[in-house]
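One structure is given here, and the rest of the page talks about it.
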Ligand code: ASP
């Protein structure tokens, strides 16, 4: 059919693509070529659907930047042939992958919707069918001939989120994700209600894929009683280049001199330190309390309301691209695609 909306489904792994082996009762990946047998509803969608799948589907705990490069490569290769993309992915690290892809797919002007499920698609009570069917519908949704959600998003349990604003919040409930600091992009009820003003504006420049990750990064989560020994060893990690420091409240940390000295020593060794909060909601404001003034003074960068998933993946991307301290800071504080409120 000419002009029919075309959607490419990329299956990477995760629970959604599993069925129960009748003999052993264990969950195993099913042949994704047979997806329409498992989900006959797909035949009723008035889009042309095609599927690609990883030869060896992975549990998302095994995702690495190589996986992101593979997904981005598939999107790049097929970019002009499809109107939108649905990426099926395990929910455990979906927020990291959606964040990473949002930074990799520069000038994206087509929908890339991540989804998965808590129960395998072959299980009677699965949440996978609704997630898949609605994710496809959203990936192909257009208004005045233009895609409604031309950005990397996550669809789960009737809600569409900006990918780089999501966090996995529940390992059990179907509502597995939340976006605490940014409104949902759509709500699927009888109709899919889009939050048009919150979706990124369509970009007109050609797609560019960014692939150069610097993986010499780490996350340091503060807790009362953290020891000097631990912090010293942490910052002595060979080749360390970037640290996301997970602080308390609005970006506060212990004000012990040894701690500030370790941070200063690290920054002098050219390690970039980005401050994000352990709180689920709200933002880092360095200097609001005395306990964050010291961080500001030694040169820690306040990460605003970025999620930990967005912060660490953005750090890998920015450090892969830039070396100059001021340029790194400017890039980390800039909104690439809506991951930080500026
Ligand atoms: N462990 C699975 C994964 O993340 C869970 C899921 O698919 O939701 O791959």
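The values are calculated or read from the model by the stated rules, or taken from the named source; none is laboratory data. These figures come from a predicted structure and were not determined experimentally. Please note: Cβ atoms are built from the backbone with ideal geometry, for glycine as well, and neighbour counts cover all protein chains shown.
When the residues of segment 161-199 are filtered to those that are within 15 Å of the ligand (Cβ to nearest atom) and within 21 Å of residue 137 (Cβ to Cβ), the one that is nearest to the chain's Cα centre (by Cα) is 166. Is there a residue being in contact with a strand residue (DSSP E or B) (Cβ under 8 Å, 6 or more places away or on another chain) and in a loop (DSSP other than H, G, I, E, B) anywhere in segment 138-145? Yes: segment 138-145 contains one or more residues that are in contact with a strand residue (DSSP E or B) (Cβ under 8 Å, 6 or more places away or on another chain) and in a loop (DSSP other than H, G, I, E, B). Filtering segment 76-84 for residues that are in contact (Cβ under 8 Å) with a residue 24 or more places away in the chain, in contact with a strand residue (DSSP E or B) (Cβ under 8 Å, 6 or more places away or on another chain) and crowded, with 24+ Cβ neighbours inside 10 Å leaves a non-empty set.
Checked against (1) within 11 Å of the ligand (Cβ to nearest atom); (2) farther than 29 Å from residue 216 by Cα, residue 58 meets all criteria but (2).
Residues checked against (1) over 30 Å from residue 145 (Cα atoms); (2) within 16 Å of the ligand (Cβ to nearest atom); (3) surrounded by fewer than 20 Cβ atoms within 10 Å (Cβ to Cβ):
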{"position": "3", "(1), (2), (3)": "no, no, yes"}
{"position": "8", "(1), (2), (3)": "no, no, no"}
{"position": "31", "(1), (2), (3)": "yes, no, yes"}
{"position": "47", "(1), (2), (3)": "no, no, yes"}
{"position": "52", "(1), (2), (3)": "no, no, yes"}
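If you go through segment 278-305 and keep only what is over 23 Å from residue 268 (Cα atoms) and touching a residue at least 40 places away in the same chain (Cβ under 8 Å), you end up with 278, 280, 281, 282, 283, 289, 305. In segment 1-120, counting only strands (runs of 3 or more DSSP E) that sit wholly within it, the ones holding 1 or more residues that are modelled with pLDDT of 95 or more and within 14 Å of the chain's Cα centre (by Cα) span 84-88, 112-115. Against the conditions (1) out of contact with any helix residue (DSSP H, G or I) (no Cβ under 8 Å at 6 or more places or on another chain); (2) closer than 30 Å to residue 133 by Cα; (3) modelled with pLDDT of 95 or more, residue 204 satisfies every one except (3).
Name the residues in segment 70-92 that are under 13 Å from residue 115 (Cα atoms) and within 16 Å of the ligand (Cβ to nearest atom), would you?
Going through segment 70-92, the residues under 13 Å from residue 115 (Cα atoms) turn out to be 85-92.
86, 87, 88, 89, 90, 91, 92, listed by residue number.
Taking (1) within 16 Å of the ligand (Cβ to nearest atom); (2) free of Cβ contacts under 8 Å to residues at least 60 places away in the same chain; (3) within 17 Å of the chain's Cα centre (by Cα) in turn, residue 153 satisfies each apart from (1).
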